[in-house]
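*Asks:* Below you will find the structure I want to go over with you.
The values are calculated or read from the model by the stated rules, or taken from the named source; none is laboratory data. What you see is a predicted model, and the numbers here were worked out from it, not measured in a lab. Using ideal geometry, Cβ is built from the backbone for each residue, glycine included, and neighbour counts are taken over all protein chains shown. We work out accessible area using only protein heavy atoms, side chains counted, and drop any ligands, DNA or RNA first. Shrake-Rupley method; radii C 1.70, N 1.55, O 1.52, S 1.80 Å.
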Amino acid sequence: MKISLGADHAGVDVKDGLVKVLLAAGHEVIDRGTHGHDSVDYPDFAVAVGEDVASGTADRGVLVCSTGIGISIAANKIHQVRAALVHNEDGAEFCRRHNNANVICFGQKYTTPYMAEKMLMIFLNTEFEGGRHERRVDKITQEEKL
């Protein structure tokens with residue numbers, strides 16, 4: 001699977017750890033940065049990853065900022081992106097299973113590297129159920145067009 005990742009200065013440590021985990025697991029990685037702790041603007045990275053996912057350049061996306069809130073809001077402005085801010089394993093599973101999320105977001109302030117890795121693997125390995133959930137996701141997509 002090809003995964004696009006991005007983070008601001010407050011999420012770079014978790015992001016960098018996830019890049020290593022994904023490469024070790026055999027995934028192809030697009031690292032959109034940032035690559036240091038100098039202050040940067042999270043919307044820039046949310047847009048870069050969101051556009052990778054929306055265009056099909058990447059299969060899924062991963063975003064990290066301090067709380068995960070801002071970067072998830074920014075990513076969800078990109079047409080066809082369904083970014084989910086996740087805090088636990090159940091959320092990682094059901095954002096895929098029921099919502100067909102294609103970008104997972106973490107807050108480095110609240111998420112250990114261990115838990116980020118665990119939740120990311122659940123996210124990547126969970127399929128969308130479709131069925132009644134497809135109808136709901138389609139309604140969200142329809143709203144994007146208005």
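*Asks:* Mind checking which pairs have a first residue in segment 101-115 that is more than 18 Å from residue 81 (Cα to Cα) and a second that is of a type in the set (A, V, I, L, M, F, W, C) and not in a loop (DSSP other than H, G, I, E, B), Cβ under 6 Å, 6 or more apart or different chains?
*Replies:* Filtered contacts from segment 101-115: 108/14; 108/64; 113/14.
*Asks:* Can you pull out every residue in segment 113-146 that is under 30 Å from residue 13 (Cα atoms) and among the polar types (S, T, N, Q)? Quick ask: steps written out before the conclusion?
*Replies:* First pass over segment 113-146, keeping only residues under 30 Å from residue 13 (Cα atoms): 113-128.
Scanning segment 113-146 gives 125, 126.
*Asks:* Okay, moving on. Residue 136: in a helix (DSSP H, G or I), among the basic types (Lys, Arg) and at pLDDT 95 or above, yes or no?
*Replies:* Details: in a helix (DSSP H, G or I): yes; among the basic types (Lys, Arg): yes; at pLDDT 95 or above: no.
The answer is no for residue 136.
*Asks:* Looking at residue 100 and the list (1) under 24 Å from residue 33 (Cα atoms); (2) open to solvent by less than 80 Å² (accessible area, probe 1.4 Å), which single condition is not satisfied?
*Replies:* Among (1) under 24 Å from residue 33 (Cα atoms); (2) open to solvent by less than 80 Å² (accessible area, probe 1.4 Å), the lone unmet condition for residue 100 is (1).
*Asks:* Determine whether segment 110-117 contains at least one residue that is touching a helix residue (DSSP H, G or I) at 6+ places or on another chain (Cβ under 6 Å), open to solvent by 70 Å² or more (accessible area, probe 1.4 Å) and under 17 Å from residue 18 (Cα atoms). Break it down into steps so the answer makes sense when it comes.
*Replies:* Taking segment 110-117 and keeping what is touching a helix residue (DSSP H, G or I) at 6+ places or on another chain (Cβ under 6 Å), we get 113, 116-117.
Restricting the remaining residues to those that are open to solvent by 70 Å² or more (accessible area, probe 1.4 Å) gives 113, 117.
This time we only want the ones that are under 17 Å from residue 18 (Cα atoms), so: 113, 117.
Checking segment 110-117: at least one residue is touching a helix residue (DSSP H, G or I) at 6+ places or on another chain (Cβ under 6 Å), open to solvent by 70 Å² or more (accessible area, probe 1.4 Å) and under 17 Å from residue 18 (Cα atoms).
*Asks:* Considering only residues that are closer than 19 Å to residue 113 by Cα and either among the hydroxyl-bearing types (Ser, Thr, Tyr) or touching a strand residue (DSSP E or B) at 6+ places or on another chain (Cβ under 8 Å) (or both), which ones fall in segment 33-48?
*Replies:* So in segment 33-48, the residues closer than 19 Å to residue 113 by Cα come out as 33-37.
If the condition is that a residue be closer than 19 Å to residue 113 by Cα and either among the hydroxyl-bearing types (Ser, Thr, Tyr) or touching a strand residue (DSSP E or B) at 6+ places or on another chain (Cβ under 8 Å) (or both), then 33, 34 are the ones that fit.
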